[in-house]
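Data first, discussion second: the structure below is written as C-alpha cells.
The values are calculated or read from the model by the stated rules, or taken from the named source; none is laboratory data. For clarity, every value in this text was computed on a predicted model and none was experimentally measured. Note that we place each Cβ from the backbone using ideal geometry, even for glycine, and neighbour counts take in every protein chain shown.
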C-alpha cells in the first residue's frame with residue numbers, strides 16, 4: 001500500500017506577528033508504508049546501449065533542472081491577508097498557481113525545557129491541485145518515519161502519521177471530520193514522540209480558526225493577480 005501526502009515545504013520567518021512558513025507547494029513527498037514492497041530489477045545496458053542510456057539520462061536531468069529552476073522562479077512569498085484570534089490567514093502566489101492557508105503556533109509546549117524548533121499547524125487550499133483543507137503539522141523535531149502520533153480535539157482522537165519533522169492525518173478521509181471538530185472546539189492537543197524517545201505535547205488555541213478558514217476560502221476563489229500570473 002502506498003500513501004502519497006502533499007507537503008508544503010517550509011522555512012520559518014517572522015511575518016506580521018507570526019513565524020510563518022513559506023509555502024512552496026510545488027512538490028509532493030511519497031510515504032511508503034508497505035514493508036514488503038517489491039524492489040524493481042535493474043538491468044545493465046549492453047555496450048551498444050550505453051551511449052544512448054547516458055544521453056537519455058543527461059537529457060532527463062537537464063529537463064528536471066530546468067523545471068526546478070522554473071518552479072523556484074515562480075514561487076511567491078506568502079502574504080498575511082488577515083488575522084483572527086490566534087490564527088492567521090495567508091496567501092502565496094507563483095505563476096498561475098496559488099496557495100491559501102490558515103496557520104497557528106502552539107500556546108503551550110510540554111516538556112517546557114525540551115529544546116526544539118518552532119511548531120505549526122496549517123490548513124491549506126491549493127485550487128490548482130484540487131486540494132481543500134489539507135492539514136499539515138510541523139512538529140519542530142524529527143520523528144521516526146511512519147511513526148504514529150495523535151491529535152486530540154475535545155476528547156476525540158485522530159491518528160497522525162509522520163515523516164521527518166512533519167505529520168498528517170493518517171486517514172485522509174477523516175480530514176473533513178477533523179476540520180469540523182476543530183471549528184466547534186477551543187483547543188487542539190498534538191502528542192508525538194521524537195526519535196530520541198521524548199514524548200511531547202503541543203496545545204493550540206482554536207480561537208479565530210473558523211474565521212481564518214472562511215478568509216482562506218474566499219481568497220482562493222479569486223483568480224491569481226495579473227502580476228503573479230506573468
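Determine whether residue 213 is surrounded by 19 or more Cβ atoms within 10 Å (Cβ to Cβ), in the same structural domain as residue 152 (by TED's automatic domain parsing) and within 12 Å of residue 152 (Cα to Cα). Considered against the rule, which asks whether it is surrounded by 19 or more Cβ atoms within 10 Å (Cβ to Cβ), in the same structural domain as residue 152 (by TED's automatic domain parsing) and within 12 Å of residue 152 (Cα to Cα), residue 213 comes out as no.
Reported count of residues in region 114-131, each being in contact with a helix residue (DSSP H, G or I) (Cβ under 7 Å, 6 or more places away or on another chain) and surrounded by fewer than 21 Cβ atoms within 10 Å (Cβ to Cβ), is 1.
Just one residue in the set 111, 106 is in contact (Cβ under 8 Å) with a residue 60 or more places away in the chain, crowded, with 16+ Cβ neighbours inside 10 Å, in the same structural domain as residue 208 (by TED's automatic domain parsing) and more than 20 Å from residue 214 (Cβ to Cβ); that residue is 106. The selection criterion, being surrounded by fewer than 14 Cβ atoms within 10 Å (Cβ to Cβ), assigned to a helix (DSSP H, G or I) and without any contact (Cβ under 8 Å) to a residue 60 or more places away in the chain, holds for residue 173. Taken as a whole, the structure places residue 159 among residues that are more than 25 Å from residue 82 (Cα to Cα) and either in the same structural domain as residue 102 (by TED's automatic domain parsing) or in contact with a helix residue (DSSP H, G or I) (Cβ under 7 Å, 6 or more places away or on another chain) (or both).
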